[in-house]
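The next block holds one structure in the form of structure tokens; read it before the comments.
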Amino acid sequence: MDSYIYFIAALLPLVSAVLIYQTNPYRALLTRGILGAIAALMYTIMGAADVALTEALVGTLLAVTLYAIAIRSSLVIRLGILCQMRSEDNPDQSNSQLNELIADSRKIFNKYNLRLEIVTFDDSSDLMRSLSNKEVHAICLQAEEIGKEHSVLEYRFQIITRLQRLHEIMIANFKPDLTHITYSNSFIETGVLL
């Protein structure tokens, strides 16, 4: 028997093991495509052309395409902010701090293979409503807009998120002197900021 068949057959468990240990979803998707191509090649060599065609079309092409669409759409963090917080024509101190916060957020979320998308709103009621309607995953408010009950503010922005895992990522990575991060399930249910 030809030795190249053993080599191709040995690639299947090797590529499968590589697939299992991938942490980046895009690399895992690419590895899954390679695994499907190797399996289709193996079926072709063994004389099962119909199974090879099915594996190539469904197992490799269609599955990889659908997973790529799903991964692309599901790995997005939508952060809602007010338009006046991000006005480009008036770069004051809070705007530069907001830009710093956004830049740091992008770096942090990139480590988790997440993409940050900024969604702007005209007024705070629309911003709050977008969180309760699940249009955004988190909202960012200036500390002064939250309330004046503190005589000295320890942070500049408050981020409220409706996702527990997102809250855990932010707490572990964000600067506490710039942001205060809140996970609020009751806010989502009642629409009232606690």
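Rule-based calculations on the coordinates, nothing more; no lab input. Being a predicted model, the structure only gives us computed values, none of them experimental. Glycine also receives a Cβ, built like all others from the backbone with ideal geometry; neighbour counts cover every protein chain displayed.
Please state the shape class of the range 3-73: rounded when a/c is under 1.5, otherwise prolate if a/b exceeds b/c and oblate if not, all from the C-alpha gyration tensor. Verdict is oblate for the range 3-73.
Relative contact order, whole percent, for the range 3-73 stands at 31, derived from Cα pairs under 8 Å and 6 or more residues apart. Around Leu178, what is the net charge, scoring Lys/Arg as +1 and Asp/Glu as -1 over all other residues with Cβ under 9 Å from its Cβ? Taking every Cβ under 9 Å from that of Leu178, the sum is -1. Computed FRET efficiency, Cβ-Cβ of Leu14 and Glu100, R0 45 Å: what is it to the nearest 0.05? Computed FRET efficiency for Leu14 and Glu100: 0.50.
Sorting the segments 108-119, 12-23, 129-140 by their mean number of nearby beta carbons within 10 angstrom, highest to lowest, gives 129-140, 108-119, 12-23. If I stretch the segment between Val51 and Arg129 completely, what's the gain in nm (0.36 nm per residue apart, minus their alpha carbon distance), one decimal? So the extension gain works out to 23.0 nm. Among Tyr26, Tyr6, Tyr43, a tally of other beta-carbon atoms within 10 Å of each Cβ gives an order, fewest to most, of Tyr6, Tyr26, Tyr43.
What the Cβ-Cβ distance of Tyr6 and Thr65 gives, at R0 = 22 Å and to the nearest 0.05, is a FRET efficiency of 0.10. Report the net charge of residues surrounding Leu163, where surrounding means a beta-carbon distance below 14 angstrom and charges are Lys +1, Arg +1, Asp -1, Glu -1. Charge balance near Leu163 sits at +2.
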